[in-house]
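A short reminder: the numbers here are calculations on the coordinates, not readings from a lab. Note that the structure is a prediction, hence the values are computed from the model and not measured. A quick note on method: Cβ atoms are made from the backbone with ideal geometry, for glycine too, and the neighbour counts reach across all protein chains shown.
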Amino acid sequence: EITDAREVALQVFNNFKMIHPDFVFLIDDDLGGKTPVKIYRNHLEQVLIILMDNAVKYSRKRKEVHLSVSKNARVVDLAVQDFGEGIAQKDIGRVFNRFYRVDKARSRDAGGNGLGLSIAQRLIEGYHGQLTVESVLGQGSIFRISLPLINEQDTVQDNRVVKD
Ligand code: ATP
């Protein structure tokens, strides 16, 4: 399935805006234009929901979430940034592990099982993309989805395959 990554990102972004009126949501989408990627729409939507949901869950003080959409010739990048509690360097390598939660006592009341990010990363890698994180403890985090763009030629070829 060919999905416009920007379009899905904008849709999830608008839903979060409605659900969390106490947060400031900012979008940085400088390019416009299409960003076709080969992924099931629901899968990309699910991953974005996991990242946006975490951004909200782990922001206590500064209730602000930024989404940015950018692309180069090969990939589209969707970045979800928060200014919340952040992740210590010693923990950052494990946040994508199943059932891993940084601070069990502290994060219990935030809900969850520690599954969201591991599922998100598996999904994205299943489509030859990458899900990475940069974070500073006490300052916030950026989770970045990178997915290969498909070019026009691939699209034509794909349609032919489907028709056959
Ligand atoms: P769920 O299974 O409901 O997603 P979860 O949020 O605990 O629960 P993950 O989404 O896999 O699980 O996240 C794993 C851990 O990584 C979290 O428990 C939290 O400690 C840390 N984490 C994830 N996102 C952020 C974030 N934006 N800021 C700070 N810590 C985060």
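When the helix-only estimate is applied to the chain (DSSP H runs of n ≥ 4, each -39,500 (n - 2.57), divided by the residue count), what is the mean residue ellipticity at 222 nm, nearest 500 deg cm²/dmol?
Dividing the helical sum by the residues of the chain leaves -11500 deg cm²/dmol.
What is the distance in Å between the Cα centres of the range 49-90 and the range 1-19?
Taking the Cα centre of each part, the range 49-90 and the range 1-19 sit 14 Å apart.
Among DSSP beta bridges lying fully in the chain, give the percent that are antiparallel, nearest 5.
80
Would you mind working out the magnitude of the charge dipole of the range 34-142 relative to its Cα centre, with +1 at each Lys and Arg C-beta and -1 at each Asp and Glu C-beta, to the nearest 20 Debye?
Values: 18 positive and 11 negative charges, 25 e Å.
About 120 debye.
Compare the peptides 91-97, 65-71, 15-21 by average per-residue count of other Cβ atoms within 10 angstrom and give them in order, highest first.
Packing order, densest peptide first, comes out as 65-71, 91-97, 15-21.
If I histogram all Cα-Cα distances within the chain using bins 10 Å wide from 0, what percent of pairs lands in each bin?
10, 39, 34, 13, 4, 0
What dipole magnitude, in Debye to the nearest 20, does the range 45-89 give about its Cα centre under +1 on Lys/Arg Cβ and -1 on Asp/Glu Cβ?
140
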